[in-house]
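Have a look at the structure below, then the notes.
The values are calculated or read from the model by the stated rules, or taken from the named source; none is laboratory data. Model, not experiment: these values are computed from the prediction. Counting neighbours? That spans all protein chains shown, and the Cβs are built from the backbone with ideal geometry, glycine included. All accessible areas refer to the heavy atoms of the entire protein, side chains included, with ligands and DNA or RNA removed. Shrake-Rupley method; radii C 1.70, N 1.55, O 1.52, S 1.80 Å.
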Amino acid sequence: EGTAKYLNSPDTPIFNKSRVLYGIDTAKHSMRVNNFTCLVEGQVDLVMSQQVSPNTVATSGTSLTPDHLQLIKRFSDRLVFVFGSDGPGLESAYKGSLMALKQDFEVTIAQLPEGMDPADVILKNVEQYKQAIKGAEDVFDLFLGIISRDKDGREQTKAIEEKLFPLIRAVDNPLEQDRYISHIASKLNITVDALTSRLHSTKASN
């Protein structure tokens with residue numbers, strides 16, 4: 001049998017995974033100098049990724065938490081999620097983005113080849129990994145693109161409300177909110193007034 005990629009260990013009074021970020025000691029200088037942080041899941045991905053992007057940290061055995069983000073914020077306020085591009089990886093990046101936007105991060109998501117983790121990509125093609133980081137897409141644009149490509153009619157409306165509205169609400173700056181609303185309305189051929197009205201009318205139920 002092969003060895004496990006992720007080794008899970010229990011929390012202890014001096015080791016709390018909801019607060020620990022792997023690689024932070026070796027990454028913090030690069031995080032500060034470059035003013036962005038790459039976030040991966042798991043220790044294998046961390047070891048491989050730091051060889052390419054020294055400003056990489058990882059969670060391990062737990063989801064991203066506000067405590068993790070507060071630690072990252074000490075060194076940089078731009079965050080690149082580098083998770084797997086399958087459904088679970090994208091959903092993890094989405095949930096993490098919601099938290100990060102609430103803490104006023106600039107959030108992007110790197111798109112890796114489907115079914116591949118950072119370590120897989122690096123072993124196969126380091127340059128491809130570098131390009132994925134460099135071309136990381138704004139979280140709004142990424143999910144807007146997925147919705148506009150895969151949904152239409154009522155399904156599109158539902159997806160906008162379920163995916164894009166929470167992202168908009170996570171942004172504290174009203175000017176930034178307006179910018180995203182205008183951008184979404186333009187891309188989906190919806191009036192700004194209609195989108196804003198729906199955003200406000202659904203707020204109470206979210």
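Here residue 146 sits with roughly 40 square angstrom of accessible surface, probe radius 1.4 Å.
Every pair of different Cα atoms in region 74-178 enters the Kirkwood calculation, which places the hydrodynamic radius at 14.6 Å. In the chain, which helices (entire DSSP H runs) extend 30 Å or more along their own long axis, judged by Cα positions, while averaging at least 1.0 on the Kyte-Doolittle scale? Going by DSSP H runs, there are no hits. Between residue 32 and residue 155, the distance separating the two model label sites (each 7 Å from Cα on the Cα→Cβ line) works out to 4.9 nm. Residue-wise HN-Hα couplings along region 54-64, as the Karplus relation 6.51 cos²θ - 1.76 cosθ + 1.60 with θ = phi - 60° gives them from phi, are x, 8, 10, 10, 9, 8, 8, x, 7, 6, 4 Hz; Gly and Pro carry x.
For residue 147, the accessible area of its heavy atoms, probed at 1.4 Å with every protein chain present, is near 10 square angstrom. When all protein chains stay in place and ligands, DNA and RNA are ignored, the 1.4 Å accessible-area order of 167, 71, largest first, is 71, 167.
Lysine pairs in the chain whose alpha-carbon atoms fall under 18 angstrom of each other, counting only those eight or more residues apart or on distinct chains, come to 18.
Rg ratio for region 36-117: its Cα radius of gyration over 2.2 N^0.38 Å, N being its residue count, equals 0.99. In this view, the solvent-accessible surface of residue 199, computed with a 1.4 Å probe and all protein chains in place, comes to about 10 Å². For the peptides 91-101, 60-70, the ranking by packing is 91-101, 60-70, with the highest mean count of neighbouring Cβ atoms within 10 Å listed first.
Kirkwood hydrodynamic radius computed over the chain comes to 18.0 Å, based on all pairs of distinct alpha carbons. Segment residue 194..residue 73, full-extension length gain: 40.0 nm, with 0.36 nm per residue of separation and the alpha-carbon distance subtracted. Size of region 157-206 from its Cα atoms: along the principal axes, largest to smallest, the extents are 25, 24, 16 Å.
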